[in-house]
1. Lys and Arg at +1, Asp and Glu at -1: add these up for the other residues within a Cβ distance under 11 Å of residue 107 and post the number.
2. In nm, what is the difference between 0.36 nm times the number of residues separating residue 59 and residue 123 and their Cα-Cα distance?
3. Please name whichever of 111, 58, 128 sits farthest to the positive end of the charge dipole of the stretch 55-136, dipole taken about the Cα centre and charges placed at Cβ: Lys and Arg +1, Asp and Glu -1.
4. I'd like to check one number: the per residue accessible area of the stretch 29-95, probe 1.4 Å, reported in Å² as a whole number.
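The values are calculated or read from the model by the stated rules, or taken from the named source; none is laboratory data. Since this is a predicted model, take the numbers as computed values, not measurements. Virtual Cβ from ideal backbone geometry, glycine too; neighbours counted across all protein chains shown. The accessibility values were calculated without ligands, DNA or RNA, using every heavy atom of the protein model including side chains. Shrake-Rupley method; radii C 1.70, N 1.55, O 1.52, S 1.80 Å.
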Amino acid sequence: MILMVIIFLLLLFWENELDEDAVAATLEQLHVDYPQSDIPMRYCNHMIIQRVIKEPNNTCKKDHFFIHERPRNINGVCNSPRRVPCQNHSPGLCFLSEIEFKMTVCKLIEGTRYPACNYRVFTTEGFIVVTCDDMRPSKIQRYTE
């Protein structure tokens, strides 16, 4: 009986670890491009199609951004003392990075249905705002310049 309880707890722990990895992978998949991909033309169009970034109803996202920084530096934002309100009254605290990150911003200029989306590319540096769970970013809310 004790052995069954131990196996159950191990399986439960292992399942939670897989879920955390999936969240982190999804966050990196959506917003992190480090080192920056060497795509000389149409960076945004290529990245958005490659990573299948779209709205849930298969329409083009109006805007999106990719951060060109090491994931561990992005994870460090959860240790920032700079707390700010979250977007759309999201529960929990949001954290503002203490340093600016290099990023590429993609703004939709043509198209409505994915994958027929055409984006304009803007490079910038800005602070990021993240929602954190267990001291790890769970969602990148926005950036500010």
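1. Working: positive: 61, 62, 120; negative: 63, 110.
Every neighbour counted, the sum reads +1.
2. Details: separation 64, 0.36 × 64 = 23.04 nm, distance 2.38 nm.
Difference between extended and current length: 20.7 nm.
3. The residue sitting most towards the positive pole is 111.
4. Working: 4180 Å² over 67 residues.
With the other protein chains kept in place, the stretch 29-95 gives 62 Å² per residue.
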